[in-house]
Structure formats: C-alpha cells, structure tokens
Amino acid sequence: MFTAIFQHQVGYLAACALTALVLGGAVWALARRLGNPRGVWWAGLAFAVTGVLGVTFMDASRAGGTCVLNHQLAEPFHTTQGLWNLAMTVPVGVLALLAVRRPLPVLVGVVVLPLAIEFTQATVDGLGRVCDSSDAMMNIIGGLTGFAVTAVLLATRRWLDWKGGVRGALIASAVFLLLGAGVARPMLVFTNVDGTGLSDASSDQKRAVETVVKEAFGDRYDVGQVYEQPCGDTSCKHVIFNLHSREAGRTDAFGNGSLSWPDKKHLSVLLEDSDHLTVMGYPVAGAKTPSTAQDAYGVAQAYAQQHYPWAEDATARRTDAVGDKAPLGWITNWRWTRKGVLMPRMLDVQVDRSGHVSQIDVTIGPTRVDLPKAELDAPQAERAVSKAIAARLHANGAVGAPFRPDAFALKAVEQDGTWTPHWLVSVVWSTKGAGGASQGRQPGETYHVNALSGQVFDDGDVPVTAG
C-alpha cells in the first residue's frame, strides 16, 4: 500500500534504488551475454519492478489475513494514495512490452503482479500490509495504461509479435485463476467497505490538527501533510498527519498521528516506533532518564501535569514495560471507572529509555455516565464473538486458525447519541508451524459486544452478524 509518508523514508528508499540499480545492471549484463538486443529495456523493467516491490512492502509487518474490498470504484481516482498507486506501475507496463514485444504475456503479467502483491501483503508475515482492492485496481490500471500507450507506438512500426507466447499466456492465466479460487481465496477474509483512500484535508481539519498538536507538544514540531481517511463501513473519518522536527539539520525526522473527525475526541501520535531513539522523542521538562517503571511513571506523570492536567482525577493508573526488559520503554495508562465500568475518557503515555515521550493516545470523554444494567455476562459476550467470527469466516469461504475470545472489561460506548455498556473482547489466534505444531498465540483484534442487544462489532466498529 502506497502511504502518504513514503517520501520521508530516505534511507530505505536509497537502499531500494541501489538494489534496483544493481539488479538492473545484472539483467542488462545477462541480456547482453545472451545476445538479446533489448537488454536496456529488460534492465529498465527489472529496475521498475524492484522499485514497485520496495515501495509496496515498505514498513511491512505481521500479515493480517484480511483483504478490504472497496465498493467505491471511483474513489481512488480522487485520492493521493490512489493516484500514486496508478502512477508507479505505468513504467512497468511500458518497459515490459518494450522488452518482451509479446502483448498477451505482458498483459497477463501486468494484471497478476498487483494481485500477487496484495495477496502477499495479506498472508506473509514480515511483508504484511493492508491488502486493499483499490490498490490492486489502481496498480493494474497504471500497468495497462503504460501497456496500451506502448502497444500503439510499437504496432505502428510493426514491432509486436501478436501471436508470440499466446499458448503459454493462456495456460498461465488458467493456472492463476485456479490458484486464486482454490488456494488464495480460502486463505483470506474479505471486508467490504465503501471508501478506503486518502484525500486532502479541509482547512478546518488542518486547524484542528494544529490545535491538538500544540496542546500535546507545544511548538516543538511542525505539522506536515494532512489527509482525511474514512473509517470503513461507518460514517466516521480520521484526519491523519505527519509531524517534523524543528531541530536544525534534522527536518527529515518525522512522526505521524491521527485525529478522529468530526468529534475530535481521539488523538493518537507516534513519535518513535522502535528501540532506536530519535530526535522526535518529546523531552519532558525536569525529567531524568528512567531505569524502572516507577521512574517512567514519574516522567509520564510530569508530562500529563503539563499537557493534560485533567488526568489527575483518574481512578486508576498503571505503568507497564513495553516488551521484555522494556526495550521500547514503559507505557502509563490513566483510566476512569464507575461501578466497575470503564468510562470513555483515557490517556496513554509511552516513555522511551531516554526519558522522552515516544507515543500518546488521548480520548476525551465523560468520566461519569449513567448506564442501564448489562444483560449479557462475560461468557455470553465471548460466545457471541465466537459465533460472529465463525460466520464471517464461513461467509468468505475461509478456514481460520483456532482462536480464543476473552471478555476482559465493560466499557461505556456511545452509539447514536445513547450510552450503553459494551463488553470488550480480545481475540487471540493460535499459530501453527509445519505438521500442525502449535507455535504460540498471535495477538488479534479487540471486538466489542453491546451488553444489551448482543450485537457484535469488530475493532473498526463495523457490525458483525452471526449468520
């Protein structure tokens, strides 16, 4: 998935460019050795494909096994993300036909490559990203555009072998169709949405971002690019943004965040995302380098007092290490409860090993809400989630790994202007290795269940039916 912040990954993109040049040179040398007169075009194709793969798998992580099907087919043409996805595969279509000169094999390759990329993003750990039908569609259109323009130019000069490779291309197409239907589809869970891409933020949204960033960090960072992104099946939106360091000579350093819209009640900012400390960490006045959870709590408490003093009246505070031996530091949570139910207000502050704030998550909401009594208990909520997940897997023809739901808290949730109790249910998936041996458990989503009606919602607040 081509993100809005790709251009700031200077080191990674430089490595990709170097790799593409090396591979392109190797392909050119091989073509020359084999006597192929189109070695330059083959080298260009190797360079272009390497670049596409490098950008596509940037910031990859664990695969989620889910693909998003966007029903708004025109939407990607109006978003920055969609247009980039289209543009980056145009050279692939151009160079592939210049190198091969056989239209049908090239046509098959231009279509299959984006589909294979999205499938890999959904299923391969370490290369996982968001599998999105809009990305594949725009990649395919970009490749076809380059293919079509080049085909017209070459056809006028009669430089195309229209019959070449037809049989192989047809066989390959049949094989890919069978693999898609028989292998790929059962491995994936499909989520239907209306709109997934990025669009330019409005002036009101940009002002709102500047306001919340100033509250959280003062004047330490510059707000970079700001985009609007829909949530999915729900009517809400997120305003996502980049933050840049104002430190001289370090303007390439950046963080990112999101603000819920239009309520502006939820702010999440990630300044550092690894154990490699950067200039983006926010220094807290008077704070010392922490070595224990208690020290980190002192730093987080000082930060909260300076920027979110309302956290003082929280009914519960807790500081935990992030990872074994706290390689990413410690995170402190402030929570409000009433009659055993979590209230909507929350504050999370993560402090890195140097004593700088590396991440915050702020939810503005009431600290006291009158709720009707929950009619579902925890086991009933867990069974509801199990049925909903099983129904979703069955509807998509997928066979999922074993999972375990765990209802761990009741929380007040506002829907359509009414506050109701919802069970929060974490879903942990079992992973298996060769021979079916268990390799442990993989963290999954947090579902929530209306404790009055039993309606299940996934972690994107999308209703999930049990059949």
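Quick notes on this one:
- The C-alpha atoms of the chain define a longest principal axis, and helix 166-179 lies at about 20 degrees to it.
- Relative contact order of the chain, defined on C-alpha pairs under 8 angstrom at six or more residues apart (%): 10
- The Cβ shell under 10 Å around residue 449 holds other residues with a net charge of 0, Lys and Arg each +1, Asp and Glu each -1.
- Against the main long axis of the alpha-carbon atoms of the chain, helix 293-307 sits at an angle near 90°.
- Rounded to the nearest 20, the size of the Cβ-charge dipole of the chain about its Cα centre is 1580 debye, with Lys and Arg at +1 and Asp and Glu at -1.
- In this rough spin-label picture, where each label sits 7 Å from Cα along the Cβ direction, the residue 276-residue 368 distance is 5.0 nm.
- Rounded to the nearest 500, the 222 nm mean residue ellipticity of the chain from helices alone is -12500 deg cm²/dmol, with -39,500 (n - 2.57) taken per DSSP H run of at least 4 residues.
- Most positive-pole-ward Cα, 328, 221, 308, against dipole of region 199-363 from beta carbon charges: 308
- Check: region 199-363 dipole with +1 on Lys, Arg Cβ and -1 on Asp, Glu Cβ, in debye: 540
- Remark: spin-label model distance residue 177-residue 13 equals 4.0 nm, labels positioned 7 Å along the Cα→Cβ axis.
- Where labels lie 7 Å past Cα in the beta-carbon direction, separation of residue 214 and residue 348 in nm: 2.8
- Remark: C-alpha extents of the chain on the principal axes read 78, 58, 47 Å, sorted largest to smallest.
- Listed cross-link partners 237/373; 265/288; 373/411; 265/387; 237/411 are compared with a 20 Å cut-off, the Cα-Cα value being larger for 237/373; 265/288; 265/387; 237/411.
- 0 to 90° range, to nearest 10: angle between helix 378-395 axis and the chain longest Cα axis: 10
- Highest average first, the peptides 132-142, 173-183, 338-348 ordered by how many other beta carbon atoms sit within 10 Å of their residues are 132-142, 338-348, 173-183.
None of the figures in this text is laboratory data; all of them are computed from the coordinates on show. The structure displayed is predicted, hence computed values, not measured ones. Note that we place each Cβ from the backbone using ideal geometry, even for glycine, and neighbour counts take in every protein chain shown.
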